[in-house]
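Only one structure is covered here, and it is reproduced in the block below.
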Amino acid sequence: MKRVGRRAFLGNAALLSAGAGLANFLPAWAQSLPSGPQRSPEALSGPDIALTVGETHVSIDGRMGHAVATNGTVPAPLIRLREGQNVRIAVTNHLAEDTSVHWHGVLVPHQFDGVPGLSFPGIRPGETFVYNFPVRQSGTYWYHSHSGLQEQEGHYGPIIIDPAGADPIGYDREYVVVLSDFSFMHAHEIFERLKQNSGHFNMQRQTVADLAAGRGQSFSERMQWAGMRMDPTDISDVTGSTYTFLINGHGPRDNWTALFEPGERVRLRFINASAMTIFNVRIPGLPLQVVQADGQNVKPVETDEFQISVAETYDVIVRPSGDRAYTLVAEAVDRSGMGRATLAPRAGMVAEVPPLRARPLASMRDMGMDMSSMSMSWPGGDASSHNGHGASSTGSGASTDMGGMDMSMRNGANAPQVVMGPGVQMIAPMAVDRMGDRGQGLDDVDHRVLVYTDLEALEENPDTRAPTRSLELHLTGNMERFMWGFDGQRYTEVTAPIPFRRDERVRVTLVNDSMMTHPIHIHGHFFELMVGPPGKHPRKHTVNVLPGGKVMFDLTANAPGDWAFHCHLLYHMHAGMFRVVSVRPLDEPHT
């Protein structure tokens, strides 16, 4: 695919007035110090909406960079719809390459889902495509390109859909909080460097100085991991070494600021629109009441921090009080940087920004080997001194000798459907359900952290039938070669889609055989995570599958057509972790 002409564009941008302000590159909803009404008046709404995709330049923490913009801004304009309406969205392409728009989490007919080559041909340069669909739901969602790597370049924006009736969530003021990652390096160059050296952006490897100071793993542990060709510091493929982490298009120094009146109930609609970054979100000094996940209302649950994976959304209510400011922290999961914003009663106020916490280390649990009372040996060295939670012996818990059990990481006996080729570096020998786990690096924090098992749907699940069949899929990869796929196959190697019969109920189990976290997203559907009380399982469109972990959900295949099913880490999808779900027949009446 032809790349967007960054150098030529920035050459022209340099001729622009030096007085152009940051606000020129941002939609009104994303600018600092908005008036804060319940409804954002600057949102695009109504039955007819026009979007234009083109190139622009943006200022991030005072540095100019290239971006793919929608209506001239990054992030894109806020689209505000109402449940029950019909909307026509005309998208015009001013790029020199094809583009598209996918309405993430929004239930649309398959021909308007926006995946080139699957649901439509894409939008060619100079052409306009009109998306026309009924709005069948409410909640917080977002939209982004499904063409090439444009999502990394800035082609993303928020969607709010108001309920047709009264909103069960009460609040006095609201803000959209879009989290993202931005690089001054072109997205295709990032991908090329990952293919050449998957650890290219990892600047947090353990050093001799760490060993001398007793930080991290012991010498023997490091030798064991080296013998397995694994790096316990490899938490994120792309890191703060090239990324600036943004909140509503603002870098940490730009400090996006939102105002409140003390005592108000402020609704924060968090959207993780990043390409590759999982964030840990907290507001020191403020409890967070989670009221919605992936646009679906949940029974309110109070926490102090939550991990939001790529493509997930969470709505929270906070009640700031007093004449003080609060810092909103969105810390990258590998602690290589953070997004930072401020909530304040008056303009100009700031709060202390906490330092980055110590970077996490992957554990034996992350390798699918949670074996607190077992022993094992490795090709190239013995694995030892790991506790039952997968932490190294430098962490809390008793160590365990794992020197007497012979087990190969590539033994596929427990995954016979996996094609054992160069794209499979390991099979997790003892993958476990990790939906109750806090996420990497959060096990030892001294406050409450949201986990999936905390979530309970506010309303009864729309389909409570028992599943009639089961489907198991393995998330596989070769980190050294940066190859990713399902069941050992990249998308280009798969000859047939995953078949579903319309309206059938299927229990899907995802097994993560890699040491990387994978947020898995299905288009056109919601599924029920198998946590919480029967009939009140939380419904989601994206689920974070931790390394060495399993996730189970029930799916009603009630949307006919061909749908994308993929990892939402952009470069994982680009490298092959993508499949097609086919729901047939197409001509039966929808029930």
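What residue, of G154, G165, is among the small types (G, A, S) and surrounded by 20 or more Cβ atoms within 10 Å (Cβ to Cβ)?
Residue meeting the stated conditions: G154.
List pairs: first residue in segment 484-507 and at negative phi and among the charged types (D, E, K, R), second residue part of a strand (DSSP E or B) and surrounded by fewer than 17 Cβ atoms within 10 Å (Cβ to Cβ) anywhere in the structure, Cβ distance under 7 angstrom, at least six positions apart or on different chains.
Sorted first by the residue in segment 484-507, then by its partner, the pairs are R501/R584; R502/R584; R507/S470.
Filtering segment 162-203 down to residues that are aromatic (F, W, Y) and at pLDDT 95 or above, which residue is farthest from G337 (Cα to Cα)?
Within segment 162-203, the match that is farthest from G337 (Cα to Cα) is Y171.
Mind counting the residues in segment 247-272 that are among the hydrophobic types (A, V, I, L, M, F, W, C) and either part of a loop (DSSP other than H, G, I, E, B) or within 28 Å of L570 (Cα to Cα) (or both)?
Residues meeting the conditions: 6.
I'm trying to understand the selection: among the residues of segment 177-199, which are more than 21 Å from the chain's Cα centre (by Cα) and either part of a loop (DSSP other than H, G, I, E, B) or of a type in the set (S, T, Y) (or both)?
N197, the sole residue that qualifies.
Looking at (1) crowded, with 20+ Cβ neighbours inside 10 Å; (2) more than 21 Å from F306 (Cα to Cα); (3) of a type in the set (K, R), find the lone condition where K540 falls short.
Answer for K540: the failing condition is (2).
Scan H518, H566 and give me the residue that is modelled with pLDDT of 95 or more, under 17 Å from the mean Cα position of the chain (by Cα), surrounded by 23 or more Cβ atoms within 10 Å (Cβ to Cβ) and within 26 Å of V135 (Cα to Cα).
None of the others qualify; the one that does is H566.
May I ask you to verify whether S138 is modelled with pLDDT under 95 and at negative phi?
no
Tell me yes or no: at least one residue of segment 314-334 is assigned to a loop (DSSP other than H, G, I, E, B), touching a strand residue (DSSP E or B) at 6+ places or on another chain (Cβ under 7 Å) and surrounded by 24 or more Cβ atoms within 10 Å (Cβ to Cβ).
No, because not a single residue in segment 314-334 is assigned to a loop (DSSP other than H, G, I, E, B), touching a strand residue (DSSP E or B) at 6+ places or on another chain (Cβ under 7 Å) and surrounded by 24 or more Cβ atoms within 10 Å (Cβ to Cβ).
Since A275 meets every condition but one in (1) surrounded by fewer than 18 Cβ atoms within 10 Å (Cβ to Cβ); (2) part of a loop (DSSP other than H, G, I, E, B); (3) out of contact with any Ser or Thr (no Cβ under 7 Å at 6 or more places or on another chain), which condition does it not meet?
Evaluating A275 over (1) surrounded by fewer than 18 Cβ atoms within 10 Å (Cβ to Cβ); (2) part of a loop (DSSP other than H, G, I, E, B); (3) out of contact with any Ser or Thr (no Cβ under 7 Å at 6 or more places or on another chain) leaves (1) as the failure.
Of the residues that sit in segment 426-465 and are modelled with pLDDT of 95 or more and of a type in the set (D, E), which one is farthest from A332 (Cα to Cα)?
Only one residue tops the list, namely D463.
The values are calculated or read from the model by the stated rules, or taken from the named source; none is laboratory data. Quick caveat: nothing in here was measured; it's all calculated off a predicted structure. A quick note on method: Cβ atoms are made from the backbone with ideal geometry, for glycine too, and the neighbour counts reach across all protein chains shown.
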